[in-house]
Amino acid sequence: MPYVPPEQRIKDLSDFAHKGIARGKSVVGLEYQDGVLFIAENPSATLHKISEIYDRIAFAGVGKYSEFEDLRISGVRHADLRGYSYGRDDVRARDLANAYSQALSTIFTQQPKPYEVEILVGEVGEEAGRNEIYHVLFDGTVTDEHDHVAIGGHAEELANAVQAGFQPGWDLPTAVREAVKALSTAEGRQIEAEQVEAGVLDRTYPRRRKFRRLGEDEVATILAG
């Protein structure tokens, strides 16, 4: 095989992953009054981009579905094992994000092709200001996000649209409406309720598990408000 300089190989792998991710629909993650909201354009009712991982932790992915679904499943297993071995309160989004970072870094450097994914891992805090949102890239780069983050094909335009209107302390209906408005702005068309997938981590829930998926009817009612 011809020699390829390491710098060129890394660039080629990055370009390949970016192209795959750009074909996917975007996801917004943002903090609201009672926790963390993940919201995305997703015309499928069964192939979810947003899911629960553990009691206070949720996951969102963009890019190649089979690959971020594989990451989601491995994250559930990792969280279950840690919760069983130590305690449920020892399962943290930070540790899960670091595990994802290591796995994606290994795939990026050692496998023939990288995963074409970006993911978010969110954890709702016991009180406002203690939420955590981690953004993990296809090469394993992980960043700690605050207030809001956008990933996917139109991430830059989406981030700018969210930033333009974001205010801390939104209630859930306002957060949903503003997130859908930003998604529509980035896509250049109106996104309807049946195309929206949304899930929240709500600290006010009395049960241990804080994740809830918003149904189409609920989203439609919010957007009509």
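Since every read-out is calculated from the coordinates, none of them should be taken as a lab result. Everything quoted here is computed from the prediction, not taken from an experiment. Counting neighbours? That spans all protein chains shown, and the Cβs are built from the backbone with ideal geometry, glycine included.
For the chain, what does the helix formula give at 222 nm: sum of -39500 (n - 2.57) over DSSP H segments with n ≥ 4, over the residue count, nearest 500 deg cm²/dmol?
-13500 deg cm²/dmol
Whole angstrom only: what separates the Cα centroid of the range 66-118 from the Cα centroid of the range 1-53?
The range 66-118 and the range 1-53 have Cα centres separated by 15 Å.
Mind counting lysine pairs for me in the chain? Cα separation below 21 Å, and the two need to be 8 or more apart along the chain or on different chains.
13
Quick one: net charge of residue 106's neighbours, Cβ under 15 Å, K/R +1, D/E -1?
Around residue 106, the surrounding residues sum to -2.
Just to check, using Stokes-Einstein with a Kirkwood Rh over alpha carbon pairs, what's the diffusion coefficient of the chain at 4 °C and 1.567 mPa s in µm²/s?
73 µm²/s
Dipole size in debye (nearest 20) for the chain around its Cα centre, Lys and Arg Cβ +1, Asp and Glu Cβ -1? Display every interim value, and only then the final one.
Values: 26 positive and 37 negative charges, 100 e Å.
Computed charge dipole of the chain: roughly 480 debye.
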